[in-house]
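Shown next, in structure tokens, is the structure this report addresses.
Laboratory data are not the source of any read-out in this text; all were calculated from the coordinates shown. Keep in mind that this is a model prediction, so the values were computed, not measured. With ideal geometry, Cβ positions are generated from the backbone for all residues, glycine too; neighbour counts draw on all protein chains shown.
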């Protein structure tokens, strides 16, 4: 299970088994950037095994569309087409299946993408946990945005911005899985963010990097960025938005919200002169109303992420090897 958590053991598995065998080039991003007859495309694939399949704010169907759309969007692409494959356990409710498929169709309409092909398999009772979904997506990529996922333009002084509170998805799934009751409901942030990224890219030329904050959360993405660029990153803990019920449960259970999964949050790395403009654009969108500047790229401390803590100290924000919460996406 540790190998599927999105932390250090996940990256080790990907590099030592898949990337080496398939001769994949570094850096590995959320989407492959392909070129055909002078046109660039972004292509991505993902699988969804979330437990439970229904949770506050969404279900496995909505999650599968949002995840694929967002992987394309943070690569600078305009998502267009999606495939969907289903592995269904014998005895799974047809009514629940219909609800999940309708959820996918509804989210695809909202994101203005088309589900164009797919596959269905049914396996014996006990050979699959209810339903697993795999999706792939294709998006159109303009030349000016084709390098965003690689972070090659990131420089010291760039500003780190996220579009809202972190950790809600992981805690919503945990609550549904364990029948936890919250005095203030915790709802997953599951959402397609291609409209948000489109408006930012259309109005700002200083977007140097984007990545959605899924497994591993903000901390892992920041470490990936530091490794990718060879630069240091300084994060202000007090500036990272965390909703009160999420923070409270983290304190009780010993979780760090910076490592919790999200399904509707993106890290933007922006030229310092455009940071205020980017925040303003985000706050005019439903998915970015609580956008916040959380840190900056710095020289020195090569490939390290330093957290400026609430109590005034500093510590390295590293990547753990093991798991906090399994099967949250």
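Run the numbers on the chain and let me know its relative contact order in percent, using alpha-carbon pairs under 8 Å that are six or more apart. Walk me through the numbers on the way to the answer.
On the way: 741 pairs, mean separation 82.7, N = 329.
In percent, rounded to a whole number, it is 25.
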Region 264-328 and region 165-184: distance between their alpha carbon centers, rounded to Å: 22
Exposure proxy order (Cβ contacts within 10 Å, fewest to most) of 282, 228: 228, 282
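If packing is taken as the average number of other Cβ atoms within 10 Å across a peptide's residues, how do 39-50, 157-168 rank, most packed first?
Numbers: 39-50: 19.2, 157-168: 24.1.
Averaged packing, sorted descending, gives the order 157-168, 39-50.
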FRET efficiency, 1/(1 + (r/R0)^6) with R0 35 Å, evaluated for residue 12 and residue 252 via beta carbons: 0.70
Between region 10-36 and region 196-231, the Cα center-to-center distance that results, in Å: 18
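Counting each DSSP H run of 4 or more residues in the chain as -39500 (n - 2.57), what helix-only mean residue ellipticity at 222 nm follows after dividing by all residues, to the nearest 500 deg cm²/dmol?
On the way: 8 runs with 91 residues, N = 329.
Rounded to the nearest 500, the figure is -8500 deg cm²/dmol.
Thinking of region 18-145 as a set of Cα atoms, what percent of all their pairs are more than 21 Å apart? Before the final figure, lay out each step's value.
Values: 3600 of 8128 pairs.
Considering region 18-145, 44 percent of its Cα-Cα pairs are separated by more than 21 Å.
Fewest Cβ neighbours within 10 Å first, please rank 306, 233, 328, 311 accordingly.
Working: 306 19, 233 24, 328 27, 311 7.
Ordered from fewest to most neighbouring Cβ atoms within 10 Å, 306, 233, 328, 311 come out as 311, 306, 233, 328.
Given Cα pairs under 8 Å that are at least 6 residues apart, what percent is the relative contact order of region 151-316?
Numbers: 347 pairs, mean separation 71.5, N = 166.
It rounds to 43 percent for region 151-316.
Take the Cα gyration tensor of the chain, multiply each eigenvalue by 5, square-root it, and list the three semi-axes largest first, rounded to whole angstrom. The partial results should precede the final answer.
Values: eigenvalues 172, 116, 76 Å².
Gyration-tensor ellipsoid for the chain: 29, 24, 19 Å.
Could you sort 186-195, 108-117 so that the peptide with the highest average Cβ count within 10 Å comes first and the rest follow in order?
Values: 186-195: 23.9, 108-117: 16.4.
Ranking the peptides 186-195, 108-117 by packing returns 186-195, 108-117.
How high is the relative contact order of region 119-217, given as a whole-number percent (alpha carbon pairs under 8 Å, six or more residues apart)? Working shown, then result.
Values: 35 pairs, mean separation 36.0, N = 99.
Computed value for region 119-217: 36 percent relative contact order.
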Considering only region 18-145, percent of DSSP beta bridges that pair antiparallel, nearest 5: 75
Global geometry of region 156-312, whether rounded, prolate or oblate, following the gyration tensor of its Cα atoms and the 1.5 cut on a/c: oblate
